[in-house]
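What follows is a single structure, written as structure tokens, with notes after it.
The values are calculated or read from the model by the stated rules, or taken from the named source; none is laboratory data. In this text the structure is predicted, and so the values were computed from the model without any measurement. We place every Cβ from the backbone using ideal geometry, glycine too, and count neighbours over all the protein chains shown.
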Amino acid sequence: MMRIWVAVVWTAVCCTAGLLALVVKKDAGPWVLTRIGSRMWSKPLLRMVGGGRVTVHQDGELPPSAIFVGNHASLLDINAAFAALPRPIVFLSKASVRRVPLLGVLNARVGTVFVERGNPESAREAVKQLAVNARNGLSVVVYPEGTRSGTGEVSTFRKGAFHLAAAAGLPVVPFYVAGTRELLPKGALAFRRTPGIRVWIGAALPVPDDSVEGIEAARQAAEAAVRALAQGATVQGARP
């Protein structure tokens, strides 16, 4: 329980630091994401709660800006992504996150892409935000499974991320995280010990073609790539 409180307090401290930095300099978003989101918040927090250092395996060069798609098994996947991905990143998030005190304001300021499911106007605004992010050198992380996996297995991907990638003209990069589910499984109220967290980043996939067939092909290719990374992780001895 002590580690839970440490994580909550440290998160509040880092959110406050990020907001203060943005008050001082409005265009400090990329700096806040890398220096505070990654270095100050995520990497130390993962060590504080028992996750240790994050080991990264990367396959090839990455585009300047992209939509990263990966598995989702724990709330700590966000911290693992911040710690591992070599780009300033924001996340595709439910519109309701805007209303969360402190966290909502910070997310809006740094460029988080908010989407209200089933709302066409919200989708159009998301595409506009993606374009702004790309111009600012930001990438977006999406969890296409739609929810955290209770088993650690990769679930079927939804199409939303690939519609956004096609509309914004951004390539898709698959990634897979192992170890966060052991540390904080879905529904758990306390952290557990884990041998470590490992992240595999796959080769970039092309910008999806903006057609029904193109979106489905991109969805299948990305899901297959994440499953292949998961299989490779299993072969190398990393548990999901």
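Scanning segment 163-198 for residues that are in contact with a strand residue (DSSP E or B) (Cβ under 7 Å, 6 or more places away or on another chain) and at pLDDT below 90 returns a single hit, Gly196. Could you say whether any residue in segment 76-88 is of a type in the set (S, T, N, Q) and in a loop (DSSP other than H, G, I, E, B)? The answer is no, given that none of the residues of segment 76-88 is of a type in the set (S, T, N, Q) and in a loop (DSSP other than H, G, I, E, B). For segment 185-240, the set of residues classified as over 28 Å from Arg47 (Cα atoms), more than 22 Å from the chain's Cα centre (by Cα) and in a loop (DSSP other than H, G, I, E, B) consists of Asp209, Asp210, Ser211, listed by residue number. Within segment 90-126, how many residues are in a loop (DSSP other than H, G, I, E, B), basic (Lys, Arg) and in contact with a helix residue (DSSP H, G or I) (Cβ under 6 Å, 6 or more places away or on another chain)? Number of matching residues: 0. Among residues of segment 98-115 being more than 26 Å from Pro185 (Cα to Cα) and touching a strand residue (DSSP E or B) at 6+ places or on another chain (Cβ under 9 Å), the one that is surrounded by the fewest Cβ atoms within 10 Å (Cβ to Cβ) is Ala108. For segment 80-97, taking the residues that are in contact with a strand residue (DSSP E or B) (Cβ under 6 Å, 6 or more places away or on another chain) and farther than 24 Å from Gly51 by Cα, the one that is surrounded by the fewest Cβ atoms within 10 Å (Cβ to Cβ) is identified as Ala95.
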